[in-house]
Amino acid sequence: MTLDFVSNVDYLWALVPEIILCVWAMVVLLAGVRRPDDPPANAQALGWLALVGVLLAAVANGWLYGVTSTAEAAMITVDPFRLFANWLFLLGAGLTVLVAGPYVTRQRLQAGEFYALILLSTVGMMFMGGTRNLILLFLALETMSIAAYVLTAYNRRDRKSAEAGLKYFILGSFSSGFLLYGIALVWGATGSVHLTEIAATVEAGAGFTGLLLAGMALLGIGFAFKVGAVPFHMWAPDAYEGAPSPSTAFMAAAVKAASFVAFLRVFIEAFSTLYESWYPVVWWLAVLTMVVANLIALSQANVKRMLAYSSVAHGGYLLVAVAAANQMATAGLLFYLLVYTVMTVGAFAILMIVSGQSEDRLQVEDYSGFGWAQPMLGVIFTIFLLSLAGFPGTGGFMAKIYLLQGAVESQLWTLAVILALATVVSYYYYLRVAWYMWMRSAADPAEHTRVWTPLPVWVALILSAGVILYLGVLPGGLLDGAMASAEGLGVVRDGLLGLRP
């Protein structure tokens with residue numbers, strides 16, 4: 001079935017997944033409403049209800065593969081890049097919902113509002129991945145970000161959560177200001193906020209170059225904040241550490257994925273002609289992010305904070321793909337984001353189990369003997385750690401290989417070498433946790449035997465570990481899909497490489 005978007009009514013078909021999630025978020029919200037004297041809502045039941053909404057949106061996203069958009073002026077596009085990105089966001093939301101139930105119950109959080117915020121934040125992400133209009137992009141980013149701010153400060157009884165939410169909100173507001181001012185300058189320089197029209201104006205040399213470069217720079221700063229690139233990363237460690245662990249998992253995986261998807265679409269579709277102007281800046285951002293984040297992560301004794309700096313470091317690896325800006329690098333970025341989403345949510349799920357579904361027992365020493373006390377969970381966590389480190393035989397290894405291949409195709413040899421060396425450095429802090437799990441004895445042998453893991457968490461963990469191992473051995477199918485999605489973005493860009501001296 002093929003639909004041409006020639007009227008406003010037709011746009012509704014392009015928004016079916018988003019509409020479903022919005023409606024379902026309201027359903028979950030209402031289902032969680034209780035009077036003050038009523039018992040608290042069943043967090044697990046509401047989680048299953050939210051998961052149904054995610055699955056319905058996934059079905060709608062699959063249906064959109066039979067729909068094409070031919071109107072260049074459309075604010076929402078239906079292209080393979082958008083649809084692949086939607087799978088990433090829905091996967092991140094679904095896994096977070098699966099692993100969050102025990103934590104929400106243990107901390108006596110309002111489950112209906114919590115899951116509704118996850119669904120609404122996912123709606124913002126899906127708009128970010130599919131829009132070609134900078135104003136709609138800003139609205140989508142704010143939809144995602146405001147929900148993320150609330151999720152960060154969601155545990156009102158925890159002062160660290162409130163502090164993290166405030167820091168995230170203040171710095172996120174600054175980044176939104178940069179982004180919006182950049183949009184204004186780009187509009188002033190080109191007379192349009194539509195990505196393809198901006199690209200056509202720039203290519204024709206009809207824009208105001210100085211104003212355009214300033215706008216592009218401000219847009220870059222805004223995106224650098226959102227992806228947590230050094231030196232714009234200062235919010236990430238505190239926000240990730242202070243937020244409730246399910247919120248941290250969701251932000252580190254899905255929010256970061258949405259920010260990179262939007263970053264790539266804007267700079268490839270609108271500013272490809274100016275590649276020589278923004279490529280050196282992204283190059284240095286990638287280097288600083290990989291080096292600084294990995295070095296700081298080496299000294300972290302708190303596992304949650306270590307995973308926060310790890311998330312920043314992975315952002316540096318993904319910036320390599322943005323700097324390379326070819327089809328292989330873009331496909332590698334999509335492949336990497338999917339693997340990263342799975343292993344990050346899985347790692348935080350184990351962290352929640354070890355901490356007793358609380359914010360206690362987060363030190364590396366608390367993992368002593370965990371592998372022998374809980375062999376299945378220990379093996380699964382080891383798989384996640386090895387994949388995060390990029391160990392051969394895991395999806396994380398193949399994801400880094402594809403990023404390296406994309407960098408090499410763009411002749412970014414120095415960047416490829418730095419990525420490889422940064423990966424080697426990261427082995428220390430990942431394997432350190434595994435060493436404590438398997439090589440150290442627990443001070444209290446019974447502390448890990450009291451761990452109870454509900455069925456939904458087991459489903460998420462086993463599914464995630466299976467995906468990581470499968471993609472480490474047979475990555476071809478997913479890579480082919482990612483390559484087709486990259487081609488849909490229009491990144492078959494031998495011409496860009498020709499722009500480089």
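The values are calculated or read from the model by the stated rules, or taken from the named source; none is laboratory data. No experiment lies behind these values; they were computed from the predicted model shown. As a convention, Cβ positions derive from the backbone with ideal geometry for all residues, glycine included, and neighbour counts pool all protein chains shown.
Total residues in the range 201-212 satisfying the condition of being surrounded by fewer than 17 Cβ atoms within 10 Å (Cβ to Cβ) and out of contact with any Ser or Thr (no Cβ under 6 Å at 6 or more places or on another chain): the figure is 7.
In the condition set (1) of a type in the set (A, V, I, L, M, F, W, C); (2) part of a helix (DSSP H, G or I); (3) touching a Phe, Trp or Tyr at 6+ places or on another chain (Cβ under 7 Å), Phe84 is compliant with all but (3).
For the range 61-79, state whether one or more residues are modelled with pLDDT of 90 or more, out of contact with any His (no Cβ under 8 Å at 6 or more places or on another chain) and hydrophobic (A, V, I, L, M, F, W, C). The answer is no, given that none of the residues of the range 61-79 is modelled with pLDDT of 90 or more, out of contact with any His (no Cβ under 8 Å at 6 or more places or on another chain) and hydrophobic (A, V, I, L, M, F, W, C).
For Asp360, the conditions (1) surrounded by fewer than 20 Cβ atoms within 10 Å (Cβ to Cβ); (2) touching a residue at least 60 places away in the same chain (Cβ under 8 Å); (3) not hydrophobic (A, V, I, L, M, F, W, C) are fulfilled apart from (2).
Do the conditions hold for Tyr154, that is, is it assigned to a helix (DSSP H, G or I) and among the aromatic types (Phe, Trp, Tyr)?
Working: assigned to a helix (DSSP H, G or I): no; among the aromatic types (Phe, Trp, Tyr): yes.
So Tyr154 does not fit the description; no.
Among Val282, Val266, Val255, which is the only one that is within 13 Å of the chain's Cα centre (by Cα) and in contact (Cβ under 8 Å) with a residue 40 or more places away in the chain? Let's see the steps before the verdict.
Working: Val282 fails: within 13 Å of the chain's Cα centre (by Cα); Val266 fails: within 13 Å of the chain's Cα centre (by Cα).
It is Val255.
Could you please let me know if Gly228 is farther than 19 Å from Leu151 by Cβ, of a type in the set (Gly, Ala, Ser) and either crowded, with 24+ Cβ neighbours inside 10 Å or in contact with a Phe, Trp or Tyr (Cβ under 6 Å, 6 or more places away or on another chain) (or both)?
Numbers: farther than 19 Å from Leu151 by Cβ: no; of a type in the set (Gly, Ala, Ser): yes; either crowded, with 24+ Cβ neighbours inside 10 Å or in contact with a Phe, Trp or Tyr (Cβ under 6 Å, 6 or more places away or on another chain) (or both): yes.
Against the criterion (farther than 19 Å from Leu151 by Cβ, of a type in the set (Gly, Ala, Ser) and either crowded, with 24+ Cβ neighbours inside 10 Å or in contact with a Phe, Trp or Tyr (Cβ under 6 Å, 6 or more places away or on another chain) (or both)), Gly228 does not qualify.
Just to check your reading of the model, which residue among Phe348, Phe397, Phe384 is part of a helix (DSSP H, G or I) and either free of Cβ contacts under 8 Å to residues at least 24 places away in the same chain or within 25 Å of Lys160 (Cα to Cα) (or both)?
Details: Phe397 fails: either free of Cβ contacts under 8 Å to residues at least 24 places away in the same chain or within 25 Å of Lys160 (Cα to Cα) (or both); Phe384 fails: either free of Cβ contacts under 8 Å to residues at least 24 places away in the same chain or within 25 Å of Lys160 (Cα to Cα) (or both).
Going through Phe348, Phe397, Phe384 in turn, the sole match is Phe348.
Scanning the range 128-139 for residues that are surrounded by fewer than 24 Cβ atoms within 10 Å (Cβ to Cβ) and in contact with a Ser or Thr (Cβ under 8 Å, 6 or more places away or on another chain) yields one hit, Phe138. The single condition from (1) touching a strand residue (DSSP E or B) at 6+ places or on another chain (Cβ under 6 Å); (2) farther than 24 Å from Glu276 by Cα that His194 fails is (2). For the range 319-341, state whether one or more residues are out of contact with any Cys (no Cβ under 8 Å at 6 or more places or on another chain), without any contact (Cβ under 8 Å) to a residue 24 or more places away in the chain and assigned to a helix (DSSP H, G or I). So far as the range 319-341 goes, no, none of its residues is out of contact with any Cys (no Cβ under 8 Å at 6 or more places or on another chain), without any contact (Cβ under 8 Å) to a residue 24 or more places away in the chain and assigned to a helix (DSSP H, G or I).
Give the residues of the range 214-271 that are under 27 Å from Val202 (Cβ atoms) and not in a helix (DSSP H, G or I), sorted by residue number.
So the first thing to find is which residues in the range 214-271 are under 27 Å from Val202 (Cβ atoms), and the list is 214-227, 229, 232, 258-271.
Across the range 214-271, the qualifying residues are Ala229, Phe232, Ala270, Phe271.
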